[in-house]
Amino acid sequence: MLTKVYLGVGSNLNRDNAILFGNEKLKELFSTYVHSSVYQSRAIREAEPDYYNLVVGGETALSLEELLTKIGDIEKEAGTELMFHNGTNFGLKRRLDIDVLLYGDLVTTEPCKLPRHDIQDYPFVLCPLCELDSTIVHPLLNIAISEIWTEMAPRLPEKMRVSKVDFDFSRSFSDWN
């Protein structure tokens, strides 16, 4: 049985390569696959570099547990690197962060909390998710995500706004070195 799944993908370390790597690896998990545009957003912690974010999705035959394992493997394969930005040393950080946003209409707290709160909390998740399918009905709130975005977008402070990036997905990711 196939399940419609949406994942949030983000990086603020070696961003272009991390997004290309994640996109290439995540395709393999889906029988159908789509990705949004890439959006830039400010980091929540002021001194960190800006993030690139997108949402990917499609249909998968993987169980939620299998999907989480595969995502963890992809994040590990992307690796870590030292983040030193604007004079602040943040230590070793993951290059790639992938979160399950929706797994069909599943509402659960185990093995992860679904639907993920990021949908209604963060424009860097909601905006690209709406780009992919604005008719998605939030499984807990019972409203279309486009309605959430319509309410959220005009009220966003400058530091929470997202901007679409001209990103070339036709490139291949390169070796991390």
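Side notes on the structure shown:
- At least 3 residues being open to solvent by less than 20 Å² (accessible area, probe 1.4 Å) is the threshold, and among the helices (runs of 4 or more DSSP H) wholly inside the range 63-177 those reaching it are 64-78, 123-133.
- Residues that are at pLDDT below 95 and at positive phi are absent from the range 160-171 altogether.
- Qualifying residue in the range 154-163 (condition: in contact with a helix residue (DSSP H, G or I) (Cβ under 9 Å, 6 or more places away or on another chain) and among the polar types (S, T, N, Q)): no
- Being within 21 Å of Leu129 (Cα to Cα), polar (S, T, N, Q) and out of contact with any Pro (no Cβ under 9 Å at 6 or more places or on another chain) is a condition met by at least one residue of the range 54-64.
- Filtered residues of the range 34-62 (kept if part of a loop (DSSP other than H, G, I, E, B), farther than 21 Å from Leu102 by Cβ and not small (Gly, Ala, Ser)): Arg42, Ile44, Arg45, Glu46, Glu48, Pro49, Asp50
- Any hit, the range 7-18, residues being touching a residue at least 60 places away in the same chain (Cβ under 8 Å), loosely packed, with under 15 Cβ neighbours inside 10 Å, outside any loop (DSSP other than H, G, I, E, B) and on the phi < 0 side of the Ramachandran plot: no
The values are calculated or read from the model by the stated rules, or taken from the named source; none is laboratory data. No experiment lies behind these values; they were computed from the predicted model shown. Note that each Cβ is placed from the backbone with ideal geometry, even for glycine, and that neighbours are counted across all protein chains shown. When the accessible area is computed, the model is the full protein with side chains, heavy atoms only, and any ligands, DNA or RNA have been set aside. Shrake-Rupley method; radii C 1.70, N 1.55, O 1.52, S 1.80 Å.
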